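The values are calculated or read from the model by the stated rules, or taken from the named source; none is laboratory data. Remember, it's a predicted structure, so these values are computed and weren't measured experimentally. Cβ placement follows ideal geometry from the backbone for every residue including glycine, while neighbour counts extend to all protein chains displayed. Side chains included, ligands, DNA and RNA excluded: accessible areas come from the protein's heavy atoms. Shrake-Rupley method; radii C 1.70, N 1.55, O 1.52, S 1.80 Å.
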Amino acid sequence: MVGKWICYRGDWEIYLAEKVQTRRFQRDFPIAPFWRVDSPYHNVRFTHKFTLTADDTLKIESEGRISVAIAKPDPYTFVYGFNGTLALKAGEYELEIWVYNACGLPALKVSGNEVISDEHWEAGFNQFMMSPCGMCDCGKFTPSEYRLPVREIKPVAVHDCEGGKLYDFGKMIMAYPQFTECKNVPFCCYFGETQAEATSDNDCEQIDFFTPENGKHITPRTQAFQFMSIVTPSPYSLSVYEEYDDTPIVFSFRSEDKLIERIADISRYTFSLCSREFYLDGIKRDRWIWAGDAYLGAKIDYYTSFDCAKIKRTVIALLGKSPVVTYINHIMDYTPYTFLTVQEYYEHTGDAGFLRQIYPMLTEHLRFVLGRRNEFGFLYKQENDWVHVDWNDNLNTDGEVCFEQILLWAMLKAYVMISGAIGENADECEEIADKLKKQIDAVYWDEMRGAYRHSRIGGKVGSSVTAYANVFALLTGFADAYKKSRITRALVYDKSIPPITTPYMQAFKLSCLCEAGEYETVQKELRDYFGNMAETGTSTFWETYKIGEQKESATDMYGRPFGRSQCHIWGAGAILIIGKYFYGLRNDTEYGDGFALSPYLPAIENTSATLPLKRGKITVSYYGNTFSVRAEGQSGELHLSGKQYPLVSGKTYVYDVNTQKTKALDEIAI
């Protein structure tokens, strides 16, 4: 039997995140994350007790220097002259194996007829505290060699440009260009999301300048681009290899309304590019794991692939290691988002084992955040804090921002739920949350406007009302029924509330309006915002967008002509709106073991879709008066026209909207 690569639990994710997040370059300038980059423990002890019924020779592989000892039977024995195999007679054993890796992940693989390395082994970093080991999800590779698969991709057009050729691949890709049959003379490669970027010598954000060795060259890291210009006097042969995540995407959507179908297709493709080893914010920049992007990415994933492994990898990477000395990503909003990601993961899976694994780090992060409050119990901007909220030109984040206080309340409630799920007591947090809620209502609620005001600075609450606090007051359950009604009306009709200019907060706002039953408003805003962006001809959705902007000119940000990302994971939020709200799929019923489908029929007329479940998928179509649904892998319920219908896995059900009757396909006379 062949063993699995094992490591100290959580260190595979930490190691992989370190590799992934240090690949960002701006031109030839490497840019590491703005926060502490954690590393795996470098000296790890593995132990395992087992019984052999027959003689065996174990094959033992490691990444790092290895020391093997037989702890039992007595006497404790060092294995001198270890050559990669260990011959053992039948009997009872306990092995202790140390792996030291100064520059990478200490990992171990043991293969034998009766014993292999797997989740039943224990590991520790020599503090004499052992715990179940972690698995290295590296497939056919060793942990240090792990990489995503690649496939060759061809350009759709080639044009002459000044000094060379301009290649157009027709859509955004993340790829390695490879050159062969070259002369050993300088090459200048420019990679752009737009043609203008790829032909800008001075301002192009991604470049590869090189002189081939032995007539060939491959870019040292993936580049994100649609357009690539190559300037050189040399002939060459070009091959381009696209790197991709091979996790199956279940989500599909077809509609007679081609604009909505286009929105769904672009969202799906955007997500497929940014959802890689982790949920990355964008493929050009930053190529980092930001907790806000990851929170929305996980919410989208429940309706795209239901990739539990990726959600857990991302959470572990975000939580990092002790000691906690800053907010996650240095952003006040982003620690609460991570707690909400964990809460929703548990609601979708019931995976209490994962909660137990990360609970110590959650607790440490919570203690840090609570230590940042002032005498009123509010969070406020302190030195080195970034209060993000959203990208908005006129957004003031000084003082005590209401949005942050509501996120703090939601974080506390999430911690209470998580604690209860694993038998831990969090009564103190419940009390803090209850007190905080009363304080927020007393300070920020504006009865006349029916909304929460934006902030308090120097003890004075400003008159400004923004969408952010109000959206999350609804989404997190903070607002009671009366306030929910007032806030909904304000979000729909109060034109003094500044418009949202990112797909990020658009997704949350549209979710909140769906929760409030404002489906017609959501349908209109989905078309107005995402539809207008789709009609620019883009293949992916952007970091920010103002209605009316065009793809070739909507490129500036951060004071740089091409600083904006035109492929950002938070641009894929339409998948969430379509799957969770238009089709009404709740795939977190019974911790994901069941599901409930409550479609809003006017939004899905003349459409069909396939959506993921925890252990399968559901296919739905609605054409004419016929609504049909088929679940595979698990059973659930259909809620339609005030009635509930059981949906048994493997059966197709047809519902007649006129007669309001449903039958399984095998019951229908043909």
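Being surrounded by 15 or more Cβ atoms within 10 Å (Cβ to Cβ), under 23 Å from Tyr504 (Cβ atoms) and touching a strand residue (DSSP E or B) at 6+ places or on another chain (Cβ under 6 Å) is the requirement here; does Leu576 meet it?
no
Residues of segment 518-559 being open to solvent by 10 Å² or more (accessible area, probe 1.4 Å), among the acidic types (Asp, Glu) and in a loop (DSSP other than H, G, I, E, B), which ones?
Glu518, Glu535, Glu549, Glu552, Asp556
Looking at segment 378-396 only, could you name the residues that are open to solvent by 20 Å² or more (accessible area, probe 1.4 Å) and either closer than 16 Å to Glu428 by Cα or not hydroxyl-bearing (Ser, Thr, Tyr) (or both)?
Lys381, Gln382, Glu383, Asn384, Asp385, Trp386, Trp391, Asn392, Asp393, Asn394, Leu395, Asn396
Identify the residue in segment 45-90 that is touching a residue at least 12 places away in the same chain (Cβ under 8 Å) and hydroxyl-bearing (Ser, Thr, Tyr) and, among all such residues, is nearest to Phe125 (Cα to Cα).
Residue satisfying both the conditions and the ranking: Thr47.
Quick one: how many residues across segment 176-223 are under 28 Å from Thr270 (Cα atoms), of a type in the set (Asp, Glu) and part of a strand (DSSP E or B)?
Residues that pass the stated criteria total 1.
Are there any pairs with C-beta distances below 6 angstrom linking a residue in segment 91-114 that is under 11 Å from Cys7 (Cα atoms) and open to solvent by 30 Å² or more (accessible area, probe 1.4 Å) to a residue that is of a type in the set (Ser, Thr, Tyr) and assigned to a loop (DSSP other than H, G, I, E, B), with the two at least 6 apart or on different chains, and if so which?
Final answer for the pair search is Lys109/Ser117.
Can you find, within segment 317-338, the residue that is nearest to Glu13 (Cα to Cα) among those that are out of contact with any Phe, Trp or Tyr (no Cβ under 8 Å at 6 or more places or on another chain) and surrounded by fewer than 24 Cβ atoms within 10 Å (Cβ to Cβ)?
Gly320
Residue by residue through segment 247-262, note down the ones that are buried (at least 19 other Cβ atoms within 10 Å of the Cβ) and either of a type in the set (D, E, K, R) or part of a helix (DSSP H, G or I) (or both).
Ile260
Return yes when Asp393 is within 30 Å of Ser464 (Cβ to Cβ) and in a helix (DSSP H, G or I) and no when it is not.
The answer is no for Asp393.
Kindly indicate the residue of segment 420-442 that is touching a residue at least 60 places away in the same chain (Cβ under 8 Å) and assigned to a helix (DSSP H, G or I) and also farthest from His348 (Cα to Cα) among those meeting that condition.
Among those residues, the one meeting the criterion is Gln439.
Of all the residues that make up segment 55-75, how many are over 15 Å from Ile116 (Cα atoms) and open to solvent by 50 Å² or more (accessible area, probe 1.4 Å)?
Number satisfying all stated conditions: 6.
So for segment 346-361 (the condition being closer than 18 Å to Gly292 by Cα, open to solvent by less than 10 Å² (accessible area, probe 1.4 Å) and modelled with pLDDT of 95 or more), does at least one residue qualify?
no
Within segment 583-596, work out how many residues are open to solvent by less than 10 Å² (accessible area, probe 1.4 Å) and either among the aliphatic types (A, V, I, L, M) or touching a Cys at 6+ places or on another chain (Cβ under 8 Å) (or both).
1
Identify the single condition in (1) open to solvent by 20 Å² or more (accessible area, probe 1.4 Å); (2) over 28 Å from Tyr545 (Cβ atoms); (3) over 32 Å from the mean Cα position of the chain (by Cα) that Lys495 does not satisfy, given that it satisfies every other one.
Here Lys495 clears every test but (2).
Identify, please: which residue in segment 453-464 is surrounded by fewer than 23 Cβ atoms within 10 Å (Cβ to Cβ) and within 12 Å of Ile497 (Cα to Cα) and is, among those, farthest from the chain's Cα centre (by Cα)?
Ser463
Just checking, which of Pro602, Pro646 is touching a residue at least 60 places away in the same chain (Cβ under 8 Å), open to solvent by 60 Å² or more (accessible area, probe 1.4 Å) and farther than 23 Å from Tyr279 by Cα?
Pro602
Give the residue, chosen from Phe562, Phe478, Phe508, that is aromatic (Phe, Trp, Tyr), in contact (Cβ under 8 Å) with a residue 60 or more places away in the chain and either farther than 27 Å from Tyr337 by Cα or open to solvent by 10 Å² or more (accessible area, probe 1.4 Å) (or both).
Phe562
Residue-by-condition table, conditions (1) loosely packed, with under 13 Cβ neighbours inside 10 Å; (2) modelled with pLDDT under 95; (3) over 29 Å from the mean Cα position of the chain (by Cα); (4) of a type in the set (A, V, I, L, M):
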| position | (1), (2), (3), (4) |
| --- | --- |
| Tyr622 | no, no, yes, no |
| Asn625 | yes, yes, yes, no |
| Ala631 | no, no, no, yes |
| Ser635 | no, no, no, no |
| Gly642 | yes, yes, yes, no |
| Tyr653 | no, no, yes, no |
| Val657 | no, yes, yes, yes |
| Gln660 | yes, yes, yes, no |
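Show the residue pairs that are 6+ apart or on different chains and have beta-carbon atoms under 6 Å apart, the first residue being within segment 154-175 and under 15 Å from Ala196 (Cβ atoms), the second being open to solvent by 80 Å² or more (accessible area, probe 1.4 Å).
Close Cβ pairs (under 6 Å, with a partner that is open to solvent by 80 Å² or more (accessible area, probe 1.4 Å)) amount to Leu166/His159; Asp168/Val156.
Write out, first by first residue and then by second, each pair whose Cβ atoms fall under 6 Å of each other, whose residues are 6+ apart or on separate chains, and whose first residue, in segment 234-257, is within 15 Å of Ile153 (Cβ to Cβ) while the second is among the aromatic types (Phe, Trp, Tyr).
Sorted first by the residue in segment 234-257, then by its partner, the pairs are Tyr241/Tyr176.
I need the full set of residues from segment 176-196 which are closer than 22 Å to Arg23 by Cα and either open to solvent by less than 30 Å² (accessible area, probe 1.4 Å) or free of Cβ contacts under 8 Å to residues at least 24 places away in the same chain (or both), in order please.
Answer for segment 176-196, where residues must be closer than 22 Å to Arg23 by Cα and either open to solvent by less than 30 Å² (accessible area, probe 1.4 Å) or free of Cβ contacts under 8 Å to residues at least 24 places away in the same chain (or both): Pro177, Phe179, Phe187, Cys189, Tyr190, Phe191, Gly192, Glu193, Thr194.
So if I check each of Asp265, Asp281, Asp307, Asp301, which one is closer than 22 Å to Leu526 by Cα, open to solvent by 10 Å² or more (accessible area, probe 1.4 Å) and not polar (S, T, N, Q)?
Step by step, each of Asp265, Asp281, Asp307, Asp301 is checked, and only Asp265 is closer than 22 Å to Leu526 by Cα, open to solvent by 10 Å² or more (accessible area, probe 1.4 Å) and not polar (S, T, N, Q).
For the list (1) within 21 Å of Thr335 (Cα to Cα); (2) over 28 Å from the mean Cα position of the chain (by Cα); (3) outside any helix (DSSP H, G or I), I need the number of the one condition that Phe478 fails.
Phe478 satisfies every listed condition except (2).
Which condition does Cys567 not pass, out of (1) closer than 28 Å to Glu518 by Cβ; (2) modelled with pLDDT of 95 or more; (3) touching a helix residue (DSSP H, G or I) at 6+ places or on another chain (Cβ under 8 Å), if it passes all the others?
Here Cys567 meets the rest and fails (1).
Looking at segment 141-175, which of the residues that are touching a strand residue (DSSP E or B) at 6+ places or on another chain (Cβ under 7 Å) and in a loop (DSSP other than H, G, I, E, B) is surrounded by the most Cβ atoms within 10 Å (Cβ to Cβ)?
My answer is Pro155.
Here are some residues: Val20, Val44, Val68. Which one is modelled with pLDDT of 95 or more, in a strand (DSSP E or B) and within 30 Å of Leu280 (Cα to Cα)?
Going through Val20, Val44, Val68 in turn, just one is modelled with pLDDT of 95 or more, in a strand (DSSP E or B) and within 30 Å of Leu280 (Cα to Cα): Val44.
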